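Working notes for the structure below.
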Amino acid sequence: MSSTAVNVQANETAASASKPPQRLFIPGPTDVLPAVLAAQTAPMIGHRSDEFEALFAKCEVQLQSLFETRYRVYLVAASGTGLHEAAIRNAVGGRVVCFVNGAFSQRWHDVAVGCDKQVVRVDVPWNTAVKPEIVEQALLAALQDGPVDAITVVHNETSTGVVSPVAEIAEVVHRASPNTLILVDAVSSFAGMRIPTDAWGIDLLLTSSQKALALPPGLAFAAVSDRVLERAAQVKGRGWYFDFLNLEKSLKKHTTPATPAISLMRALSVQLDHIFAEGVDVRCERHARLAQRTQAWALRNGFALMAEEGYRSPTVTTITNTRGIDIDDLNQYLAGQEMELSNGYGVYKGKAFRIAHIGEVNDADLDRLLTAVEAYLAGAR
Ligand SMILES: Cc1ncc(COP(=O)(O)O)c(C=O)c1O
């Protein structure tokens, strides 16, 4: 057994042995294992030290494996939105087509507008997926007016619980416009669902730490293809902090251009060991199973599901409030048992609620939550 394998085994024991009951059933931040939280209390080290470079290099190899990419994975001290901006600034010189089917795809569109790019917005009904035929049609129409540098699409719309088929989307984009880069937000699906970045033909896949990775907020990650770097070299106004050419130079030296979030990276290292010890497929199957259980529970209890069938999220289930319950009151009741779920996002507040089965949530956790909600529905409050 290699020394890495020994370490993984040791961390798995430490990390998973003491998992307390889940408190947060919201789609991030999610509960973090005590051993992962504890890793942040290790003494500080210099970020130009051998010890830091070793930590960085170890995480980089594990991240490449988790992203299923042969390219690099950039790691930045930011939340996912920072990488929305990085993706636009590096991959788009001229025009970008943004598909909007929820609050976070709308945010990515707004970021592109904020970066002063030429933005073509394509609205898709919320609660439905962005389908390849919609993408093809919109892209062909946009191409009439000139080249399109990139498209943006959110894989798992956390506001609605809808998953879009990004592999099929990438296929139509490659066919219709080979030079158009495919930028994908996997903030709330990554590490809860297998996303073979290279095999699916994705040029940039971004995520943040506080979702299915089950880490504290503050780190964001992006797998970036060579095609994106070649584009970045042609694009002006990339800024500095998120400039991929800067990040690339540092990555080669196993570090970051500016001071990294060292404590968060220590937590990342322990959590990555835990994820691989659980097994990526096992982890993803757990998410899928919990999603199916939550969906079935909602229907059995007289609610409806908001996301269209066939495109429902494995990490967050959005439940239409057909029974007209007071969601804030439900949450107050759940708080008494140290649990919390999410109200509907934005316009769906009061009209829907969301149960996130993300990160380290297990079957026993879900049982505990659903039993408590059933008691509330039966008038326990
Ligand atoms: C799908 C999606 N994209 C982007 C974001 C923004 O990520 P962050 O809050 O890490 O900036 C979120 C946050 O919930 C999200 O769910």
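The values are calculated or read from the model by the stated rules, or taken from the named source; none is laboratory data. Computed from a predicted model, the values in this text were never measured in an experiment. Counting neighbours? That spans all protein chains shown, and the Cβs are built from the backbone with ideal geometry, glycine included.
Condition test on Ser208, is it in the same structural domain as Gly93 (by TED's automatic domain parsing), surrounded by 19 or more Cβ atoms within 10 Å (Cβ to Cβ) and not charged (D, E, K, R)? So Ser208 passes the test. If the condition is being within 11 Å of the ligand (Cβ to nearest atom) and either more than 18 Å from Val120 (Cβ to Cβ) or part of a strand (DSSP E or B) (or both), then segment 80-96 contributes Gly80, Thr81, Gly82, Leu83, Glu85.
In segment 160-198, the residue that is nearest to the ligand (Cβ to nearest atom) out of those that are touching a strand residue (DSSP E or B) at 6+ places or on another chain (Cβ under 8 Å), over 12 Å from Phe99 (Cβ atoms) and among the hydroxyl-bearing types (Ser, Thr, Tyr) is Ser188. Take segment 186-213 and flag every residue that is in contact with a helix residue (DSSP H, G or I) (Cβ under 7 Å, 6 or more places away or on another chain) and more than 19 Å from His357 (Cα to Cα). Within segment 186-213, Thr197, Trp200, Gly201, Ile202, Asp203, Leu204, Leu205, Leu206 qualify.
The lone criterion from (1) under 21 Å from the mean Cα position of the chain (by Cα); (2) outside any loop (DSSP other than H, G, I, E, B) left unmet by Arg70 is number (2). Go through segment 131-160 residue by residue and tally those that are over 27 Å from the mean Cα position of the chain (by Cα) and of a type in the set (D, E, K, R). Residues flagged as over 27 Å from the mean Cα position of the chain (by Cα) and of a type in the set (D, E, K, R) within segment 131-160 amount to 1. Being under 24 Å from Gln234 (Cα atoms), surrounded by fewer than 18 Cβ atoms within 10 Å (Cβ to Cβ) and not β-branched (Val, Ile, Thr) narrows it down to one of Gly82, Gly46, Gly146, so name that one. None of the others qualify; the one that does is Gly146.
Of all the residues in segment 199-213, those that are out of contact with any Leu (no Cβ under 9 Å at 6 or more places or on another chain) and either on the phi > 0 side of the Ramachandran plot or more than 16 Å from the ligand (Cβ to nearest atom) (or both) number 3. Where helices (runs of 4 or more DSSP H) fall entirely within segment 214-329, those with at least 1 residues that are free of Cβ contacts under 8 Å to residues at least 40 places away in the same chain and under 20 Å from Ala356 (Cβ atoms) are at 280-300.
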